[in-house]
Amino acid sequence: MEHLNAWYGMTHTLQDINLNIPANHATALIGPSGCGKSTFVRCLNRMHETNPIARATGVVKMGEVDIYKDASPVDIRRRVGMVFQRPNPFPTMSIYDNVASGLKLNGFRNKAILDETVERSLKAAALWEEVKDELKKKSGASLSGGQQQRMCIARALAVDPEVLLMDEPASALDPVSTSKIEDLIFQLKSQYTIVIVTHNMQQAARVAENTGFFLNGKMVEFNSTDKIFTTPSDKRTEDYITGRFG
Amino acid sequence: MRPPTNYQSRSLRLNSAWRYAVNHLVTGLAILSTVLVIVPLVAILAYLIYKGASSLNLDFFTHIPAPVGETGGGMANSMVGSAIVLALASSMGIPVGIAAGVYLAEYGQGKLLAMAVRFTADVLNGIPSIVMGIAAYSLIVMQQMHFSAFSGGVALAIMMVPTITRTTEEMLMTVPHAIREAALGLGVPKWRTVLSVSLRTASPGIITGCMLAFARVAGETAPLLFTAFGNQFWSFKLNEPIAALPLQIYVYAISPYDEWHRLAWAGALVLILMIMVSVTLVRIYAGRGALKGAS
């Protein structure tokens, strides 16, 4: 990622972000509300383009692929999955169809492979045991908030992305569901590159190897999680994590 | 904690008594309004049954109108004719209406064309139905030099479009943005997201809109006077005049014969029943396969 800038209308939301996110690790982004963390992850799979007044410049590379030049947004979003702040199941679809939606809506029809993918994804999201008896009978919207969020993770995993962006995936959940999601991230990070935005600093410390601190649209500090939380090199980072502001 | 002063606790009690009173009042008003809505419907239906049911017999459903001076006869050709004209109107009006609504909600936000379409739809909604008939008359009947079932279908379709367009747009706007994002975030192309996610989520409301439009035009007489024209005999051809229930009711109701008046009542009853049955069937069909806990 080099010199990434982003604007919403006239607001310069992200200012010259340079960052190297290591593959197959979890990276946490922390910072006060409105500092650009969400905008940043949205720029990583071009979701910001769904907002007509948003635009971004700079280079974002995934491996050798420049995601703004070498690929369409649709291709990028298949390779870079996203889990949103609030669970957003498709209310008209069963649990099965929700998880299979990424494949089905892209025209994939082979039933055996769909079955297998749904089971594998739900198991990976630690939801299989709870829902396996009512996969096709229950609406995805009938699950509890924590289950919905794990279903949304399963849905993102089903398309087999390389990167998983999580925008405060646990902020709308209770502590039990939150710890389930964290366990999940911990297990998933060996196979996927995970970028997680969080307001919860303990959460960042628990799941991520590296942490970046954002403030007012700038990346203040990026380092291993240990360093950020024990010996931050920037005064502002120290102030934030010790709770002096933000 | 400090105990509440006398003044505070009294005002609190008064306040809650007042709130209970308002609550009961508003609930009562809501029930009253519901009754006011249902009363005319039940009254009309009861009166139609009272006036028309006695003239309903097998002949009514199997025979075409008897010539003047003869008794008996039915409206079989009008029922089939109405069904044909309505099927034509729906097959043209519903796709166009929904497609325009999709454009307004999903693609045209803030665009000049969208504002023009929205404005046109609203104005079209307020145009008297007879004007639609004249429009279809000059556009199709005058060109072909004869009345036809097709022109009747077009007139009714134009009447259906604005209602369907505006309901489709409004229903799509109620689909949360987060659900669209979920689909787009999975790498689903926009057109597919619109079709399989937005439209599907909004479908109950859109179906209601289509049914409202259908029920409204099913009873229209004026646009058909210049287009479908009516027919005392069987006709299944789309390019010939065709009978329709509202037209037949109109002709019989203004006639001087008591026998025909009775048949007009029966026709009105059948028309209402046809609308009720088709709306109910669509609802059952659309509600089939609903999932447990779907909102």
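The values are calculated or read from the model by the stated rules, or taken from the named source; none is laboratory data. From a predicted model like this one, the values you see are computed outputs, not experimental measurements. Virtual Cβ from ideal backbone geometry, glycine too; neighbours counted across all protein chains shown.
For region B:172-216, a tally of residues being within 13 Å of chain A (Cβ to nearest Cβ), part of a helix (DSSP H, G or I) and of a type in the set (A, V, I, L, M) returns 12. Residues in region B:35-89 that are of a type in the set (Val, Ile, Thr), part of a helix (DSSP H, G or I) and assigned by TED's automatic domain parsing to the domain that holds B:MET276: B:THR62, B:VAL80, B:ILE84, B:VAL85.
Only a single criterion out of (1) over 17 Å from A:LEU188 (Cα atoms); (2) facing another protein chain (nearest Cβ under 8 Å) is not satisfied by A:ARG79, namely (1). Restricting A:PHE90, A:PHE84 to residues that are among the aromatic types (Phe, Trp, Tyr), under 17 Å from the mean Cα position of the chain (by Cα) and within 13 Å of another protein chain (Cβ to nearest Cβ) narrows the list to A:PHE84. One residue stands out among those in region A:95-106 that are within 7 Å of chain B (Cβ to nearest Cβ) and either in contact with a helix residue (DSSP H, G or I) (Cβ under 7 Å, 6 or more places away or on another chain) or in a helix (DSSP H, G or I) (or both): the one that is nearest to A:LYS136 (Cα to Cα), which is A:SER101. Only residues that are β-branched (Val, Ile, Thr) and farther than 15 Å from A:LEU165 by Cβ were counted across region A:176-215, and they come to 3. In region A:131-156, the qualifying residues are those that are outside any helix (DSSP H, G or I) and of a type in the set (A, V, I, L, M, F, W, C), and the one that is nearest to A:SER94 (Cα to Cα) is A:LEU135. When region B:48-76 is examined, which residues are found to be surrounded by 13 or more Cβ atoms within 10 Å (Cβ to Cβ) and either among the acidic types (Asp, Glu) or more than 13 Å from B:VAL270 (Cα to Cα) (or both)? Of everything in region B:48-76, those that are surrounded by 13 or more Cβ atoms within 10 Å (Cβ to Cβ) and either among the acidic types (Asp, Glu) or more than 13 Å from B:VAL270 (Cα to Cα) (or both) turn out to be B:ASP59, B:HIS63, B:ILE64, B:PRO65, B:ALA66, B:GLY73. Quick one: is A:MET166 part of a helix (DSSP H, G or I) and surrounded by 15 or more Cβ atoms within 10 Å (Cβ to Cβ)? The answer is no for A:MET166. B:TYR103 satisfies every condition listed in (1) among the hydroxyl-bearing types (Ser, Thr, Tyr); (2) farther than 20 Å from B:VAL175 by Cβ; (3) modelled with pLDDT of 90 or more except (2). Within the span defined as region B:268-286, every residue fails to be crowded, with 22+ Cβ neighbours inside 10 Å and in contact with a Ser or Thr (Cβ under 6 Å, 6 or more places away or on another chain).
Among residues of region A:107-125 that are assigned to a loop (DSSP other than H, G, I, E, B), those with a Cβ under 7 angstrom from a residue that is of a type outside the set (A, V, I, L, M), sequence gap 6+ or separate chain, pair up as A:ALA125/A:ARG150. Scanning region B:105-128 for residues that are loosely packed, with under 11 Cβ neighbours inside 10 Å, of a type in the set (A, V, I, L, M) and within 17 Å of B:ALA213 (Cα to Cα) turns up just one, B:VAL123. Scanning region A:63-75 for residues that are outside any loop (DSSP other than H, G, I, E, B) and within 14 Å of chain B (Cβ to nearest Cβ) yields a count of 3. Among residues that are within 22 Å of B:ALA183 (Cβ to Cβ), of a type in the set (Ser, Thr, Tyr) and surrounded by fewer than 21 Cβ atoms within 10 Å (Cβ to Cβ), A:THR39 is not included.
Scan region A:111-134 and give yes if some residue there is within 11 Å of chain B (Cβ to nearest Cβ), crowded, with 17+ Cβ neighbours inside 10 Å and at pLDDT below 85, otherwise no. Checking region A:111-134: at least one residue is within 11 Å of chain B (Cβ to nearest Cβ), crowded, with 17+ Cβ neighbours inside 10 Å and at pLDDT below 85.
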